[in-house]
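Student: Dumping the structure here so I can ask a few things about it.
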Amino acid sequence: MAGLMGISATVHTFAVQLADVDRGVYEELELRVARHPSETLEYMVTRILAYCLQYEEGIVFSEGGISATDEPAVQVRDLTGRTTAWIEVGAPDSERIHRGSKLAGRAAVYTHRDPAKVLAQYAGKKIHNAAAIPLYSFDRAFIDEAARLVDRRNSASLSITEGVVYLDLNGASLRTDIIEQPLA
């Protein structure tokens, strides 16, 4: 057990020029992202994409990251601290999405996994307002390449136009469609 005590999160910084033409959001973001030892780079890249694609006033990464059990990967809070958007990453269980959708009123899931397999796990499960909850996915090669390019300090330009993501990460240019499907 002594060997596990030294395990801690790796902090990555991202200077992001965000231009979400589809939503009219233009921001310069300085993100400090703690990656837990059990979190893959692919998951972290998807978490950062979720943050940027959902960016609005009050958005935050959860405190515990992948190990947070009572919070989503990303959430939006209003000025009173109430959660107004519950944004999950990966393939969260149906109970988490159900609870988050009821709590926040708006929920979304971003996945770096096979979207058909993620959707299949929700079939027949009780999820509050499932038909209104989008599952967003990206081309797997895009996620894999972005993960390969991640360093401790990162410079990124992220543009979203007509449902297409253009990412310039540490000097390499990548592109992917955003695939959106309802959970039910």
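Student: Which one, Val25, Leu103, Leu135, is farthest towards the positive end of the dipole of the stretch 10-182 when Lys and Arg carry +1 and Asp and Glu -1 on their Cβ?
Tutor: The residue sitting most towards the positive pole is Leu103.
Student: Nearest 5 percent is fine: what portion of the DSSP beta bridges confined to the stretch 10-182 is antiparallel?
Tutor: Taking every DSSP beta bridge within the stretch 10-182, about 70 percent pair in antiparallel fashion.
Student: Taking the dipole about the Cα centre of the chain, with the C-beta of Lys and Arg at +1 and of Asp and Glu at -1, give me whichever of Tyr51, Ala172, Gly90 is farthest to the positive side.
Tutor: Gly90
Student: Give, to the nearest whole percent, the P(r) tail of the chain beyond 26 angstrom, counting all Cα pairs.
Tutor: 28 percent
Student: Under a point-charge model restricted to the Cβ atoms of Lys and Arg (+1) and Asp and Glu (-1), what is the dipole moment magnitude of the stretch 10-182 relative to its Cα centre, in debye to the nearest 20?
Tutor: Value, rounded to 20: 540 debye.
Student: Apply the a/c threshold of 1.5 to the C-alpha gyration tensor of the stretch 31-102 and tell me whether it is rounded, prolate or oblate.
Tutor: oblate
Each value in this text was obtained by applying a stated rule to the coordinates, not by laboratory testing. Being a predicted model, the structure only gives us computed values, none of them experimental. For neighbour counting, all protein chains shown are included, and Cβ atoms are generated from backbone atoms with ideal geometry for every residue, glycine included.
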